[in-house]
Amino acid sequence: MASTEHRTAQALDPRLLGELQRRVDRLANAFDLGALEGHGETAEQIRQYYEDSRLGYRFVHSQEGAMHMALNPSGTFDKAGYEGQVELAEERFVESTVDVLELACGNGFNLEILARRNAGRNCFGIDLVESQIERANQALRPYANAAAAVGDFQALALDDQSQDFVFVVESFCHATDLPHAFSEVHRVLRPGGLFVVIDAWRTDAYRAASSFVQEAAANVELAMAVSKTLVLADWIELAERSGFSPLENLDLSDQIKPNLARLAKGADKFLSHQRMASFARLLLPKSLIQNAVAGYLMPITVDLGVHTYRLQLLRRDR
């Protein structure tokens, strides 16, 4: 499959555009997509999104506590793929990696794996959501080398140059002040320390896309309480201005497609029952309903190449 950069100069696939239109129309019949405007602009909105989405993550996404996409290079969904991101982070440890910090650690899924495999390393996580931190610390109870605390990665309660390695999965996109978020990570990393970000970004194809495609991509982001997604090239430029050197840019987009297809299938089944969708709109938390928007549209925005899912490896050099 061609890389996203190579696809940007090509016209978007008309078949995919037609499918995107069908899905947007179907969603619009069930939900007010305009209500997504402004979602995820504050830390409280982001915290509430995760509180409201807890049942969806637990019963639709992963009963094991993972809150990110599974990586399935085989092309078939397998829940073992939920360990893919933490394995990629762990593979980038170096001999001097001792103090490891996970930003937005959720229920402690990644931290538990690291603590179990790395008895000689100190693993610490922070998250906005108190209930998630409670679950994380319960999972980490058997390990003397791991703990988690309520915290905001834009205001880290950690000493300067106290960490060797920082990583974050599908959450740095929630930064409401990205330059400051980069500054905080830079502050707590020791010189030469590594920062791994695994997340989704807009691509150069997004810039050239029609307003309809751009709006659909924005709805995917807003449905997940992400208010300020950057084009990847702009994000990397900002990282460099913040004192980081890019070391690796690994495209994982194909590996999340089986998980995206699984979520879209569930959303399609849900939307097929208009009465069920209407009752859900009245009875369920708004954030939980909005997950259907992202689950239904993101497979198409990724296939179109306007969204990309990648690992970025950065190093603090100064």
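Residue by residue, what Karplus-based ³J(HN,Hα) values in Hz, rounded to whole numbers, does the range 83-88 have, using 6.51, -1.76 and 1.60 with θ = phi - 60° and x for Gly and Pro?
7, x, 5, 5, 5, 5
First measure r as the distance between the Cβ atoms of Asn249 and Thr42, then evaluate 1/(1 + (r/R0)^6) with R0 = 30 Å and state the FRET efficiency to the nearest 0.05.
Plugging the Cβ-Cβ distance into 1/(1 + (r/R0)^6) gives 0.50.
Per DSSP H run of n ≥ 4, the term is -39500 (n - 2.57); total these for the chain, divide by its residue number, and report the mean residue ellipticity at 222 nm rounded to 500 deg cm²/dmol.
Per the formula, -14000 deg cm²/dmol.
Excluding Arg262 itself, what net charge comes from residues whose Cβ is under 14 Å from its Cβ, given Lys and Arg +1 and Asp and Glu -1?
With Lys, Arg at +1 and Asp, Glu at -1, the net is +2.
Taking all protein chains in place and a 1.4 Å probe, what share, in percent, of the accessible surface of the chain do carbon and sulfur account for?
51 percent
Give the whole-number value, in cubic angstrom per residue, of the convex hull volume spanned by the C-alpha atoms of the chain.
Residue-normalised Cα hull volume stands at 125 Å³.
Read phi for every residue in the range 191-208 and hand back ³J(HN,Hα) as whole Hz from Karplus 6.51 cos²θ - 1.76 cosθ + 1.60, θ = phi - 60°, with x for Gly and Pro.
Using θ = phi - 60°, the values come out as x, x, x, 10, 10, 10, 10, 10, 6, 9, 9, 6, 10, 4, 5, 4, 4, 8 Hz.
Two decimals, Cα atoms only, Kirkwood Rh: what is Rg/Rh over the range 1-107?
1.04
Hey, got a sec? Which trypsin sites (Lys or Arg not before Pro) in the range 140-245 land in a DSSP loop and have at most 16 other Cβ atoms within 10 Å?
Qualifying residues, ordered by number: Lys228.
Report, to one decimal in Å, the Kirkwood hydrodynamic radius for the range 91-216 based on all distinct Cα pairs.
15.5 Å
Net charge within 11 Å of Leu156 by Cβ-Cβ distance, Lys/Arg positive one each and Asp/Glu negative one each, not counting Leu156 itself?
Every neighbour counted, the sum reads -3.
Near Arg121, within a Cβ-to-Cβ distance under 10 Å, what is the net charge of the other residues, with Lys and Arg +1 and Asp and Glu -1?
-2
In whole Å and largest first, what semi-axes does the C-alpha gyration tensor of the range 173-229 yield when each eigenvalue is scaled by 5 and square-rooted?
After diagonalising the Cα gyration tensor, the semi-axes are 29, 12, 9 Å.
The values are calculated or read from the model by the stated rules, or taken from the named source; none is laboratory data. If you're wondering where the values come from, they're calculated on a predicted model, not measured in any experiment. Virtual Cβ from ideal backbone geometry, glycine too; neighbours counted across all protein chains shown. Note: accessible area is taken over every heavy atom of the protein model, side chains too, but ligands, DNA and RNA are not part of it. Shrake-Rupley method; radii C 1.70, N 1.55, O 1.52, S 1.80 Å.
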